[in-house]
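Encoded as structure tokens, the structure appears first; notes follow it.
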Amino acid sequence: AMQTARVTSRVAKRLPLGVSTRAFHAIKPDTIDTSGKYDAVIVGGGHNGLVAAAYLAKAGKRVAVLEANDQVGGAAVTSEIIPGFRFSRASYLAGLLRPQIIEDLELERFGFKYLSRNPSSFTPTKEAGRYLMFWEDPKKTFDSVAQFSVKDAVNLEAYEQHLSKLRSIVSPLLDIAPPYAKHYKAKEFRNLCSDLAKPVRAIWDNQDAMHEFYEIMTAPATSILDRWFESDIVKATLATDAVIGAMTAPSDAGSAYVLLHHVMGEAAGREGVWAYVEGGMGAITNSIAASAQDKGVDIATNARVQEILVGEGVARGVTVSLDGKTETLLCDTVLSNCTPWRTFTELLSADTQTSLPSDFMKRIHHTDYSCGAFKINCAVNELPDFICFPNTSKTEAGPQHMGTIHFENHVDDLERAAAEAKTGVPATRPVIEMTVPSSVDRTISPPGKHVVQLFVQYAPYDVNPKVGSWSDPEFKQQFVDRVFGIVDEFAPNFSKSLIGYDALSPLDLENIFGLHKGNIFHGAMSLHQLMHMRPVPRWSSYDTPISGLMLCGSGAHPGGGVMGAPGRNAARALLSK
């Protein structure tokens, strides 16, 4: 423990919070035309904003994207913080990006490339030769699970088929705006009928599964996992899917639907698959940005929008800081890719906020933004050497490094961590997902060295003040040391292998990426904040009470993850008018 503390302290001094970063394969920003008028201005150059811009430009609209940071991408960026090491600094895995977007925007032509992972999952123990792996080959997965339970090995394939069937019901709902009772214009109504065809067909084709669909949308994850499996390590590995980015425990009602996360990924035409992207997550957003620019979109970085201008209840444009000067940019429609919180409480004047319906603003102010995510990006000089699966080389990756690495062997580990976090106390034993993208992608680290990413759960934004504060460097360092200590239990060489790291607390995620309260989904993905309730009842179809102001980010349906659906849906909604 003393050695871990000394190593991490030495490394921490190399990476102060305000460390500069260098974008990887960044697009070249455009000059914004402040003298004319755009059809649409996108506030925020995250992936959803870029998707919306590309679709609008493809339809012939004149569009500008304004990004406050020095590179586009929002939380899906690749940054070189330590020389030679390129981190997917926030978002870290791909697979949710809608296939239609990849095809429509020709992203592969602009450098987008999935890199598959096999095995996809590795759960180590502290016992030599004993570990759990999920492979592409069902036989190898069966043999791995059978070490812990033959019954579970038999049931796993049926479980995944069960989830895949439920996935087929959910998937079409991601690509449409939730319909609600209103007077539709003829074009809107035709588009609505067309949009509803696929979801209705999916429900019709899966009528026999609707009671199971209702169950997975409302039940605790443990209720479903206990019915399918008996081994604690299998259940713990699968249960982590139910708590990613959520301040919930697997035993909480409504946590089960996130189990669909296990099969929602789709990469290179293969369903149920998660992948890396060559060049890191920034390669996704840079390919979308390049596609948008190819269609005529103007993109500006270091362009912080100060206010969305509203006159007589209609959005007229924005004021934005460009090259050190405040400029006014006029447009017909403003699409905000920011969180609903920032859009309505920080980017509108006090008079405009007062003019909005009181119930609407109450709901904006009381949206649940709990999350508990903490991210640590590490540069290492050798690969983690697991007790249960020792390395054959310090630098050449084995199967134990390819997929997502889980450090929880018991469901109770997740339950205890969640219980602490709900009281405002960062988990004593945080839940950790490790990925080593350089095991597959050799473009992101120097030869012989690697990038290790740690996504950590149950670090509440609102810390009990009697316990500490994320603004206190020592308090933050203690949490980082705790995380490293857990990894060392399974891979004793880990802390000693650190060259440097970049630790992002919930407060850092808010300050750097504009994620209110550090919520990676622009609002909790709990059942009362999905579909027709996202972000506010009666305003789930991307419109807002302000005419000409729309939402296109993850705070709108269908929510978070690098999927692009909110951006595409918002653009389609605007074009249907």
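The values are calculated or read from the model by the stated rules, or taken from the named source; none is laboratory data. Quick caveat, the model's predicted, so the values are computed rather than measured. As a convention, Cβ positions derive from the backbone with ideal geometry for all residues, glycine included, and neighbour counts pool all protein chains shown. Just so you know, the surface numbers come from the protein's heavy atoms only, side chains and all, with ligands and any DNA or RNA stripped out. Shrake-Rupley method; radii C 1.70, N 1.55, O 1.52, S 1.80 Å.
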Taking 0.36 nm per residue of separation between ASP462 and LEU575 and subtracting their Cα-Cα distance, the length gained on full extension comes to 36.7 nm
Could you work out the local net charge near SER393, counting Lys and Arg as +1, Asp and Glu as -1, over the other residues with Cβ closer than 12 Å to its Cβ?
-2
When every protein chain stays in place and a 1.4 Å probe is rolled, PHE134, PHE189 sorted by accessible area with the largest first are PHE189, PHE134
Cα-based shape type of region 77-205, given that a ≥ b ≥ c are square roots of the gyration tensor eigenvalues and the cut on a/c is 1.5:
oblate
Considering only protein heavy atoms, with the full assembly of protein chains and a 1.4 angstrom probe, order ARG304, ARG167 by accessible area, largest first.
ARG304, ARG167
Kindly sort HIS366, HIS528, HIS261, HIS522 by accessible area of their heavy atoms, largest first, with the probe set to 1.4 Å.
HIS366, HIS528, HIS261, HIS522
Mind checking which of HIS162, PHE122, GLY74 is farthest towards the positive end of region 64-165's charge dipole, using Cβ charges of +1 (Lys, Arg) and -1 (Asp, Glu) about the Cα centre?
PHE122
On a full-extension model of 0.36 nm per residue, what is the gain between ASP104 and GLU215, subtracting their alpha-carbon distance, rounded to one decimal in nm?
36.5 nm
Which FRET efficiency value, to the nearest 0.05, do you get for ARG482 and SER194 by plugging their Cβ-Cβ distance into 1/(1 + (r/R0)^6) with R0 = 56 Å?
0.60
How much solvent-accessible surface does VAL200 expose, in Å² to the nearest 10, with a 1.4 Å probe and all protein chains in place?
90
Enumerate the calculated ³J(HN,Hα) couplings along region 39-55 in order (Karplus 6.51 cos²θ - 1.76 cosθ + 1.60, θ = phi - 60°), each rounded to whole Hz, writing x wherever the residue is Gly or Pro.
5, 8, 10, 9, 8, x, x, x, 4, 5, x, 5, 4, 4, 4, 5, 5
How far is helix 150-170 tilted off the main Cα axis of the chain, in degrees rounded to 10, range 0 to 90?
0
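Rounded to the nearest 5, what % of DSSP beta bridges with both residues in the chain are antiparallel?
Numbers: 51 of 71 bridges.
Bridges in the chain that DSSP calls antiparallel: roughly 70 percent.
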GLN353: net charge of surrounding residues, Cβ under 15 Å, Lys/Arg +1, Asp/Glu -1, itself excluded?
-1
Extended-chain gain in nm, criterion 0.36 nm per residue less alpha-carbon gap, THR328 and LYS28
105.8 nm
What is the dipole size for region 250-307, taken about its Cα centre, with +1 at each Lys and Arg Cβ and -1 at each Asp and Glu Cβ, in debye to the nearest 20?
60
Among [x] 27.5; [y] 24.2; [z] 25.6, the value of Kirkwood radius over Cα pairs in Å computed for this structure carries the label [y]
Given contacts defined as C-alpha pairs under 8 Å and at least six residues apart, what's the relative contact order of the chain, whole-number percent?
24
Taking θ = phi - 60°, what integer Hz values does the Karplus form 6.51 cos²θ - 1.76 cosθ + 1.60 yield along region 518-529, in sequence order, with x for Gly and Pro?
x, 6, 6, 10, 6, x, 4, 8, 7, 4, 6, 10
So how much accessible area does GLU415 have, in Å² to the nearest 10, using a 1.4 Å probe?
40
Measure out, as a whole number of angstrom, how far apart the alpha-carbon centroids of region 35-81 and region 366-443 sit.
32
18 Å reach of a label modelled at THR345, 7 Å along Cα-to-Cβ, counting backbone N of region 435-469
460-464
Ignoring everything but the protein chains, give the 1.4 Å probe accessible area of ASP104 in square angstrom, nearest 10.
30
How far apart, in nanometres, would the label points at THR319 and GLN353 be if each is projected 7 angstrom from Cα along the Cα-to-Cβ direction?
1.6
Within the set of other residues whose C-beta is less than 11 Å from the C-beta of ILE101, count the net charge using Lys and Arg as +1 and Asp and Glu as -1.
-2
Report the Cα centroid-to-centroid distance between region 124-202 and region 502-564 in angstrom, as an integer.
22
How large is ³J(HN,Hα) for each residue in region 489-506, as worked out from phi by the Karplus curve 6.51 cos²θ - 1.76 cosθ + 1.60 (θ = phi - 60°), to whole Hz, x for Gly and Pro?
4, 9, 9, x, 8, 4, 4, 5, 8, 5, 8, x, 7, 10, 9, 10, 7, x
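How big is the dipole moment of the chain about its Cα centre under a simple scheme where the beta carbon of each Lys and Arg is +1, that of each Asp and Glu is -1, and everything else is neutral? Debye, nearest 20, please.
Taking the Cα centre of the chain as origin, the dipole is about 820 debye.
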How much mean residue ellipticity at 222 nm does the chain get from its helices, if each DSSP H run of length 4 or more adds -39500 (n - 2.57) and you divide by all residues, to the nearest 500 deg cm²/dmol?
-10000 deg cm²/dmol
